[in-house]
Amino acid sequence: MTPTERVEAALRALGPAAEGRRADPWNAFLDVDAAGARARAQAIEAEGPRGRPLHGLVVSVKDNLAVAGRRMTCGSRHLERYVAPYTATAVRRLEDAGAILLGKTNLDEFAAGSSGENSAFGPTRNPRDPERVPGGSSSGAAASVAAGVADVALGSDTGGSVRCPGAFCGVAALRPTRGLVSRHGLADLAMSLETPAPLARDVATLAAALAAISGPDPRDPTARRTLGTLDLAHGARGLRVGVLREYFEGVEPATERAVREALARLENAGATLVEVSVPETRDSLAAYYLVNYVEFASAMQRFDGFRFGTPAAAEGALEEAVAAGRASFGPEVRRRILLGTYASEQEHAARWYTTAVAARGRLAASFRRALAQVDLLAGPTMPFRAFRLGEKTDDPLAMYAADVLTVTANLADLPAGTVPVRAQGLPVGLQLLGRGGEDARVLEAMAEVERLEVEA
Amino acid sequence: MSDGARIGLEIHAYLLTRAKMFCACDADALAATEANVHVCETCTGQPGAKPMAPNAAALAAGVRVARALGCALAPTTRFLRKHYFYPDLPSNYQRTSEPFATAGGLALADSFVRLREIHWEEDPGAYDLDAGTVDYDRSGLPLLEIVTEPDFRSPEDVRAFLQELAVVLRYLGVWREEAGVKADVNVSVAGGERAEVKNVSGFRAAERAAAAEIRRQLDMVARGERVPRETRGFDDATGETTRLRAKEEAMDYRFLPDPDLPPLGKLAALAPDEEAPLARRARLAALAGVPPQEANALVEERALADAFEAAAREADPKTAFAFVVRDLRADLAYRSTSLARSRVAAEDVAALVGALARGDVTPHAATRVLRQGLDEGGLREALAAERAAGLSAGDEVAAAARATVAEQGKAVADYRAGKQGALNFLVGQAMRRLRGRGRPDEVRAAVERALADAGA
């Protein structure tokens, strides 16, 4: 298909949402730039590919990544009217690689969530089953790819926010090593945990997207890594894969079955499977959420109601005006800010935040030791498949528990990908974790898993 | 002092850099006539915007100042987020480094003031409370904060310290002097509580604020009142300090190491070693045979010190001192420039002073050469040209003297009548005839001979 044909097909799939008249069938998009996408498609068609690796691919961008001149709501009423004055580096690089930006996708408010139900603009639905959640927080991103609208989605992953929806919606996703992709332009949730992260239908497209967006950026001094060479035809021969024992605890039978069968196929193809244990995994949720809350409270400090198009701030003393200005946050955002503020106050910091940071260090060291024995670690991406809308919204802790298998990669700073494996009914994702900086190796293994799934 | 006054200072000085601390915006922002022109997404705290790596010139400047004040450098330092809500803060936290230097200090006439620590900070924006607007032009400008121990015993010492500090900052060329310094002046008397007088602008005001606060506290003590711990402001117009807020509960800033900025290590490598300004002042003063305070002019800028030191190798140090401190500085001031920014190098000055001292050029000619060098460059060539044109040969001088005596009948008559001023006049006229190219003593002798020959 030509770029123009791709764009028209995508807009057709969105229905009335393409002209902004109604939400698309999955409420995946918060903003669609039909005119811009069409113009861009025409322009690059006229120019020809010029060796640009993503030439003509349709891309969606999570609405916590800045695109100059377009709204960036972060899924929140607080930023309902905010228009970004600059473009995130990762987004700019997608465009430089020839991609066409279609629009901004729905997300849990300020990326705080694991189901896609925390958006102020309504939940996103899973294209594989509209009564079920797509996963979060990059809910619209995954849905846009699963629905066949976008070829590539740019999301963000703080504790599993592309891998969870990737697994629930049956698409490929990767959480890159910190520093591979610039965070300039990504609204902060937890700065030491997160990174922009791509999702795509297949691993080859995913890898091309990651290659395009990665690399050092003077606007983000923490972005210093490069991807290196990639050989997606590498195969499974000689691969040592550690199967994480703790990762199968409390996992529903259907998910475990699908994942173990996929691992067996990998073994048949030449990989060596080894059972590995990282007991600190059990502390990971507590450490993750404490670090998340504290950094989130700091990140959210800038939203005082005086700027960013927020509805008029109250008069009176500064504290009152700020409290009134921050009243437009949803309950999960408020919950995390309060907990983060508490955990970082002078009298509490040593007990909560410092302890969490220390636990994180121990966990990271454990994973490094495990990865010294094997090339990759493997397990399910999520403990269960996509649950029904509303099923877990009453219990925040139950929602947090969904993250148990994904947060470790962010805590230990490891590249981690999810690739869909054969399953009855709802999608199941196999998760692969690599050594820090070896994102290319993870992608290569994901490509092999994908090939085996298609082959059999 | 009998009143037991103890004063400590926290001094903020703007560093002279081309760009802001964490972004590439123009640091000449203080001169901006319009609001919000030198701004970007980073210094206005837009969602998603990240700080760039800290300004290298600001880091080098800090290390040089620390060394100049005899401080020890920390092995590593991190930037922290200091959280509080105020409209002038773009993100409602200020980025401030941990102390990167400790100990050291400055000697005053009869005391020594120790330093506690030095760290970097970024400036907030400028909040116009009446208009309800914020100007972010200055947001993100690099500041150095220098904290002293409460070693001052008198307000006069405060001013003397700041003046010595100014000598150091000027010499190093790291200070945005037109922005001055701001100081928080901490005062206590008779072992009582400490009050902080915040944000005092300028050396004289700091001295006056200290004096006013000591007076106020002594008055309270005399009345039997207890001095509370509080934060005060200084009103320059009335010369009094006024209460701002109670300092009993120190604000909890929830300091968090900024995850967006990698820690700084190897600070010593950020700037090459150099002779400390005050040590150089003492050495050059001894060389010139003047007391150290009179050598401040020599260390006004490093280039002047270099020029004097080089010139003192070519000529008598006193001659070199007079030329640099008087003639050179006057011509620089007239052109509103510094030696470093001019077209004249220290070695050029040395060559000129040497030629002058040897009598290769007359003072008039030397002035011409200097001014041409400053205005057009090429001082060495101009000097060579003057030398080549040479001084008037002996018979030229004699001829000029005879012609002058022949012309100036009235002056000759005055001379014969015993008016000594007449001889000076005649010498001046002869010099004019020679267009300044005569050695003064030679011209005088020639005029006296010519008068004698004419029978006077």
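The values are calculated or read from the model by the stated rules, or taken from the named source; none is laboratory data. Values in this document were obtained by computation on a predicted structure and should not be read as measured data. Reconstructed Cβ throughout: ideal geometry from the backbone, glycine too, with neighbour counts over all protein chains shown. To get the accessible areas, we keep the full protein, side chains included, count just its heavy atoms, and leave off ligands, DNA and RNA. Shrake-Rupley method; radii C 1.70, N 1.55, O 1.52, S 1.80 Å.
Filtered by the rule that a residue be open to solvent by less than 40 Å² (accessible area, probe 1.4 Å) and at pLDDT 80 or above, region A:309-336 gives A:Gly309, A:Ala321, A:Val322, A:Gly325, A:Arg326, A:Ser328, A:Phe329, A:Gly330, A:Glu332, A:Val333, A:Arg336. Can you name the residue in region B:32-69 that is under 22 Å from the mean Cα position of the chain (by Cα) and open to solvent by 50 Å² or more (accessible area, probe 1.4 Å) and is also farthest from the other protein chains (Cβ to nearest Cβ) among such residues? Among those residues, the one meeting the criterion is B:Arg67.
Evaluation of B:Pro90 against the conditions (1) over 26 Å from A:Thr73 (Cα atoms); (2) crowded, with 20+ Cβ neighbours inside 10 Å; (3) within 12 Å of another protein chain (Cβ to nearest Cβ) shows that the sole unmet condition is (1).
Please go through region A:282-308 and pick out each residue that is in contact (Cβ under 8 Å) with a residue 24 or more places away in the chain and open to solvent by 60 Å² or more (accessible area, probe 1.4 Å). Passing the criteria: A:Arg282, A:Asp283, A:Ala286.
If you check B:Ala206, B:Ala166, B:Ala211 for being in a helix (DSSP H, G or I), open to solvent by 10 Å² or more (accessible area, probe 1.4 Å) and modelled with pLDDT of 95 or more, only one passes: B:Ala211. Residues that are at pLDDT 95 or above, open to solvent by less than 40 Å² (accessible area, probe 1.4 Å) and of a type in the set (Ser, Thr, Tyr) are absent from region A:385-402 altogether. Residues in region A:417-455 that are touching a helix residue (DSSP H, G or I) at 6+ places or on another chain (Cβ under 6 Å), closer than 15 Å to A:Met382 by Cβ and surrounded by fewer than 24 Cβ atoms within 10 Å (Cβ to Cβ): A:Ala423 only. Residues in region A:233-260 that are of a type in the set (A, V, I, L, M) and either touching a His at 6+ places or on another chain (Cβ under 8 Å) or part of a loop (DSSP other than H, G, I, E, B) (or both): 4 in all. Only one of the numbered conditions (1) out of contact with any Leu (no Cβ under 6 Å at 6 or more places or on another chain); (2) in a helix (DSSP H, G or I) is violated by B:Arg435, and that is (2).
Against the test of being open to solvent by 10 Å² or more (accessible area, probe 1.4 Å), among the small types (Gly, Ala, Ser), in a loop (DSSP other than H, G, I, E, B) and away from every other protein chain (no Cβ under 14 Å), the options A:Gly122, A:Gly116, A:Gly135, A:Gly98 yield a single qualifying residue, A:Gly122. Among the residues of this structure, B:Phe100 does not count as one that is within 14 Å of chain A (Cβ to nearest Cβ), over 30 Å from B:Pro291 (Cβ atoms) and of a type in the set (Phe, Trp, Tyr). Please enumerate the residues belonging to region B:75-87 that are more than 9 Å from chain A (Cβ to nearest Cβ) and surrounded by 20 or more Cβ atoms within 10 Å (Cβ to Cβ). Of everything in region B:75-87, those that are more than 9 Å from chain A (Cβ to nearest Cβ) and surrounded by 20 or more Cβ atoms within 10 Å (Cβ to Cβ) turn out to be B:Thr77, B:Phe79, B:Leu80.
Does any residue of region B:421-431 turn out to be within 22 Å of B:His364 (Cβ to Cβ), at pLDDT below 90 and assigned to a helix (DSSP H, G or I)? Yes, because at least one residue in region B:421-431 is within 22 Å of B:His364 (Cβ to Cβ), at pLDDT below 90 and assigned to a helix (DSSP H, G or I). Within region B:143-172, the residues that satisfy the criterion of being of a type outside the set (Gly, Ala, Ser) and more than 18 Å from the chain's Cα centre (by Cα) are B:Val147, B:Thr148, B:Glu149, B:Pro150, B:Asp151, B:Phe152, B:Arg153, B:Pro155, B:Glu156, B:Asp157.
Of everything listed in (1) open to solvent by 60 Å² or more (accessible area, probe 1.4 Å); (2) aliphatic (A, V, I, L, M); (3) in contact (Cβ under 8 Å) with a residue 24 or more places away in the chain, the single unmet condition for A:Ala343 is (1).
Under the condition of being closer than 21 Å to A:Met399 by Cβ and at pLDDT below 90, the residues counted in region A:337-362 number 1. Residues in region A:53-86 that are within 12 Å of chain B (Cβ to nearest Cβ) and open to solvent by 30 Å² or more (accessible area, probe 1.4 Å): A:Ala68, A:Arg71, A:Val83, A:Pro85. Scanning region B:1-31 for residues being in contact (Cβ under 8 Å) with a residue 40 or more places away in the chain, surrounded by fewer than 20 Cβ atoms within 10 Å (Cβ to Cβ) and assigned to a strand (DSSP E or B) gives a total of 2. If you go through region A:346-382 and keep only what is outside any helix (DSSP H, G or I) and in contact with a helix residue (DSSP H, G or I) (Cβ under 7 Å, 6 or more places away or on another chain), you end up with A:Trp352, A:Asp375, A:Leu376, A:Leu377, A:Ala378, A:Gly379, A:Pro380, A:Thr381, A:Met382. Under the condition of being of a type outside the set (A, V, I, L, M, F, W, C) and in contact with a Ser or Thr (Cβ under 7 Å, 6 or more places away or on another chain), the residues counted in region A:57-75 number 5.
Note down all Cβ pairs under 7 Å where the first residue falls in region B:350-364 and is under 22 Å from B:Leu339 (Cβ atoms), the second is of a type in the set (Asp, Glu) and surrounded by fewer than 19 Cβ atoms within 10 Å (Cβ to Cβ), and they're at least six residues apart or on different chains. From residues that are under 22 Å from B:Leu339 (Cβ atoms), the pairs are B:Ala357/B:Asp316.
Condition check ((1) open to solvent by 10 Å² or more (accessible area, probe 1.4 Å); (2) within 26 Å of B:Leu16 (Cα to Cα); (3) polar (S, T, N, Q); (4) at pLDDT below 95) across all residues:
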{"site": "B:Val113", "(1), (2), (3), (4)": "no, yes, no, no"}
{"site": "B:Pro124", "(1), (2), (3), (4)": "yes, yes, no, no"}
{"site": "B:Leu141", "(1), (2), (3), (4)": "no, yes, no, no"}
{"site": "B:Pro155", "(1), (2), (3), (4)": "yes, no, no, no"}
{"site": "B:Phe161", "(1), (2), (3), (4)": "no, yes, no, no"}
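Name every residue in region A:180-232 that is open to solvent by 20 Å² or more (accessible area, probe 1.4 Å), under 22 Å from A:Lys104 (Cβ atoms) and either in a loop (DSSP other than H, G, I, E, B) or within 11 Å of chain B (Cβ to nearest Cβ) (or both), in order of residue number. A:Arg201, A:Arg219, listed by residue number. Within region A:14-45, the residues that satisfy the criterion of being surrounded by fewer than 18 Cβ atoms within 10 Å (Cβ to Cβ) and in a helix (DSSP H, G or I) are A:Gly15, A:Pro16, A:Glu19, A:Ala35, A:Gly36, A:Arg38, A:Ala39, A:Gln42, A:Ala43, A:Glu45.
Evaluated against (1) part of a strand (DSSP E or B); (2) open to solvent by less than 90 Å² (accessible area, probe 1.4 Å); (3) within 30 Å of A:Thr341 (Cα to Cα), B:Leu244 falls short on exactly one condition, (2).
Scanning region A:263-321 for residues that are touching a strand residue (DSSP E or B) at 6+ places or on another chain (Cβ under 9 Å), outside any strand (DSSP E or B) and hydroxyl-bearing (Ser, Thr, Tyr) yields A:Ser277, A:Thr281, A:Ser298. Run A:Leu414 past the list (1) surrounded by fewer than 24 Cβ atoms within 10 Å (Cβ to Cβ); (2) part of a loop (DSSP other than H, G, I, E, B) and report the number of the one that doesn't hold. Checking A:Leu414 against (1) surrounded by fewer than 24 Cβ atoms within 10 Å (Cβ to Cβ); (2) part of a loop (DSSP other than H, G, I, E, B), the one that fails is (1).
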